[in-house]
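Report on the structure given below.
Rule-based calculations on the coordinates, nothing more; no lab input. Quick caveat: nothing in here was measured; it's all calculated off a predicted structure. Every residue, glycine as well, gets a Cβ built from its backbone with ideal geometry; the counts of neighbours run over all protein chains shown.
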Amino acid sequence: MNKKLLAALSLAFAATATAPLHAAPAATAASVKAAPFDRAAYAINHKKFVLQNGLTLIVHEDHSVPVVAVNMWYHVGSRNEKRGKTGFAHLFEHFFFNGSENYPHGFREAMDDLGANNRNGTTNTDRTNFFEDVPVSALERTLFLESDRMGFLGNYIS
């Protein structure tokens, strides 16, 4: 190896070896200026209705595609279960896909017949929800099926 190159590499290594091993401390939260936030830029224009039975509707209209997103939330989840009797909220979520007294063939099949996509349900500590995307022409039937499965679960529980 060339003596000049070896000397240059040795000098570079020696210079970096004496550099501090930690970065300069970050600025404190008090000294950092908050970035501007325009809440209006993220607002979704919607209307809220509360029916006499307590059902709350939140409606956002977007006519760019002929699809309706339906998302039903129920204020019940694992927090409502008693100690030693857990998992029922999630179990019932699954039962509600089996059909109803008025539509015993199953909710999934009914949604397939309507052309639904992105259909599922989830359960967490505070809520259970069911959702699907349907063609605009299927909205009325979808809302009927959603209400029917809550009111007439059927003979799936003995």
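Overall, the anisotropy analysis places the range 95-158 in the oblate class: the square-rooted eigenvalues a ≥ b ≥ c of its C-alpha gyration tensor yield a/c not less than 1.5, with a/b not exceeding b/c. Seen from residue 75, the other residues with C-beta closer than 9 Å to its C-beta sum to a net charge of 0, counting Lys and Arg as +1 and Asp and Glu as -1. If a/c stays under 1.5 just call it rounded; otherwise compare a/b with b/c (prolate if a/b is bigger, oblate if not). Do that for the range 49-121, with a ≥ b ≥ c from the square roots of the Cα gyration tensor eigenvalues. Since a/c reaches 1.5 but b/c is at least a/b, the shape of the range 49-121 is classed as oblate. Considering only 117, 88, 106, the residue lying farthest towards the positive end of the dipole of the range 70-151 is 88, judged by Cα position with unit charges set on Cβ.
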